[in-house]
Amino acid sequence: MSKRPDVLSVDQIRARTLVVKKAVGFTPDEEKELRHLVHKLARELHHLSREINALNLKYARLELQVQQVVPNFAALQAQLQSRMGQVTTIVTPSGPVTGTVTLVGTDVVELSEPDGSIVLVPFTSIVAIE
């Protein structure tokens, strides 16, 4: 487990407890309570560390799943970027759209039609580019 700089390890907590104990001078009952609290903190720290490790594993698995599900439009985006400012026809399931490529996003292209209309075509709707 990687440690954050602002989180103390159990050994650091115990060492600081000894420093405080020597400086303050606890009664035996206070010392017993302090040992109990340090032990309780150590258990909680161990439990939280295990939870963090489990969450990191879940995060890594989810990240892999997202990469498999979310399409990578880099090639399509590059192709459309190369047509910036050019009249292009994009074929969609609803039919072809012709216009000047004015903007290419990460998942959408903007065309300006000859009549001045602006059309946004999601990459997921592109069947072909002519």
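FYI, it's all coordinate maths here, none of it is from the lab. It should be emphasised that the depicted structure is a prediction, and the values quoted were computed from it without experimental measurement. Counting neighbours? That spans all protein chains shown, and the Cβs are built from the backbone with ideal geometry, glycine included.
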Treating only the Cβ atoms of Lys and Arg (+1) and Asp and Glu (-1) as charged, compute the dipole magnitude of the chain about its Cα centre; round to the nearest 20 debye.
-> 1120
Answer rounded, prolate or oblate for the range 74-129, using the Cα gyration tensor with square roots of eigenvalues a ≥ b ≥ c: rounded when a/c is under 1.5, else prolate when a/b is larger than b/c, else oblate.
-> oblate
The range 90-95 - phi-based ³J(HN,Hα) in whole Hz, Karplus 6.51/-1.76/1.60, Gly and Pro as x = 10, 8, 10, x, 8, x
Count the lysine pairs in the chain that are 8 or more places apart or on different chains: how many have C-alpha atoms under 18 angstrom apart?
-> 4
